[in-house]
Amino acid sequence: MVKIKAVAWDMDGCAADSEVIAMQLAVSAAADYAQKQKPGLVVDQKTRDNFVQSTMGQTITEIGEHVAAAYGVQMPKDLQNVVTSQTIQALTSSCKPSPGALEAMQGIKDSGLQQWIATSSAPDRVVATISTTGIDKVLPKQEWDWFSATKTKPDPEVYLRSIATRGFEPAEVMAIEDSKTGAMAAKAAGVGYIVGYVGGSHIPEAKKEKHAQELLALGVDVVVRDLREVPGILQGVNSPGGLARRPGASAVAAFMPT
């Protein structure tokens with residue numbers, strides 16, 4: 001069995017507890033635009049919270065399209081720019097690492113394995129998030145500031161490109177993901193082992209079990225609530241006999257960066 005030689009972290013909702021900050025701002029901006037375009041429309045807080053849950057892991061543009069479709073309106077072309085600017089300000093002032101993330105990263109680092117951030121978020125947002133959370137104290141800059149993905153998850157590009165850039169085979173990499181789109185991207189890339197994470201603040205306590213089951217149904221190998229379990233899982237996967245992996249986990253055709 002191929003051993004895991006590297007770990008690829010999803011950023012928003014995994015390495016950093018940033019998902020709820022970014023998504024609330026995106027949903028709020030889209031809902032506000034919808035109300036302006038449709039006189040009499042009121043998008044209350046409960047509805048906005050539901051939008052946050054139903055668009056988890058999606059881009060600002062996709063969230064805008066989701067809200068627009070719900071109310072039969074058009075989102076403005078500047079939604080992306082407006083929300084990105086607001087998000088960067090919010091992340092810079094209040095973003096924190098996910099509980100246990102820094103400890104897990106340090107444990108992986110101490111084991112001698114390479115790790116990096118596999119995200120399709122905009123570079124300026126990545127810089128704001130990782131600098132504010134202190135992740136840059138564990139991961140050097142080259143492990144998170146390397147390229148801008150042209151496609152977002154669930155497309156596997158972010159994994160295939162980052163893995164190829166570092167000279168690994170997908171089967172040699174463990175991915176850590178919190179969203180269904182992220183899990184689908186990791187599975188499509190053929191990574192060797194997928195850890196699902198449900199401990200983020202963006203997943204309500206009452207929905208954590210359901211979300212865990214949804215991740216497992218998509219092919220995630222194990223789900224954790226505490227990221228500090230990751231180094232132990234990694235050790236178990238690479239031990240003689242190893243932890244069981246899902247059927248069919250295998251590498252895909254080599255992806256070479258452009």
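Could you please tell me which pairs satisfy a Cβ distance under 7 Å, a separation of 6+ or placement on different chains, a first residue in segment 213-239 that is within 17 Å of ALA186 (Cα to Cα), and a second residue that is open to solvent by 50 Å² or more (accessible area, probe 1.4 Å) and in a helix (DSSP H, G or I)?
Final answer for the pair search is GLU214/LYS180; LEU215/LYS180; LEU218/LYS180; LEU218/MET184; LEU218/LYS187; GLY219/LYS187; VAL223/LEU216.
Among the residues of segment 138-181, which ones are modelled with pLDDT of 90 or more, within 30 Å of LYS208 (Cβ to Cβ) and open to solvent by 40 Å² or more (accessible area, probe 1.4 Å)?
Selection gives PRO154, ASP155, LYS180.
Results for (1) modelled with pLDDT of 90 or more; (2) closer than 25 Å to GLU177 by Cα; (3) acidic (Asp, Glu), shown as yes or no for each residue.
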| residue | (1), (2), (3) |
| --- | --- |
| VAL42 | yes, no, no |
| SER54 | no, yes, no |
| VAL73 | yes, no, no |
| LYS77 | no, no, no |
| ASN81 | no, no, no |
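Please list, ordered by first then second residue, the pairs with beta carbon atoms under 8 Å, 6 or more apart or interchain, first in segment 94-106 and surrounded by fewer than 16 Cβ atoms within 10 Å (Cβ to Cβ), second β-branched (Val, Ile, Thr) and assigned to a loop (DSSP other than H, G, I, E, B).
Close Cβ pairs (under 8 Å, with a partner that is β-branched (Val, Ile, Thr) and assigned to a loop (DSSP other than H, G, I, E, B)) amount to GLN106/VAL138.
So if I check each of ALA175, ALA164, ALA104, ALA128, which one is under 18 Å from ILE60 (Cα atoms) and of a type in the set (Gly, Ala, Ser)?
Details: ALA175 fails: under 18 Å from ILE60 (Cα atoms); ALA164 fails: under 18 Å from ILE60 (Cα atoms); ALA104 fails: under 18 Å from ILE60 (Cα atoms).
Just one listed residue meets the conditions, ALA128.
Can you find a residue that is open to solvent by less than 60 Å² (accessible area, probe 1.4 Å) and in a strand (DSSP E or B) anywhere in segment 41-49?
Quick first cut of segment 41-49, residues open to solvent by less than 60 Å² (accessible area, probe 1.4 Å) only: 41, 43, 47-48.
Still in the running and in a strand (DSSP E or B): none.
No, segment 41-49 contains no residue that is open to solvent by less than 60 Å² (accessible area, probe 1.4 Å) and in a strand (DSSP E or B).
The values are calculated or read from the model by the stated rules, or taken from the named source; none is laboratory data. Note that the coordinates shown come from a computational prediction; the quantities given were computed from them, not determined experimentally. A quick note on method: Cβ atoms are made from the backbone with ideal geometry, for glycine too, and the neighbour counts reach across all protein chains shown. Areas reflect the complete protein model, heavy atoms only, side chains present, ligands, DNA and RNA absent. Shrake-Rupley method; radii C 1.70, N 1.55, O 1.52, S 1.80 Å.
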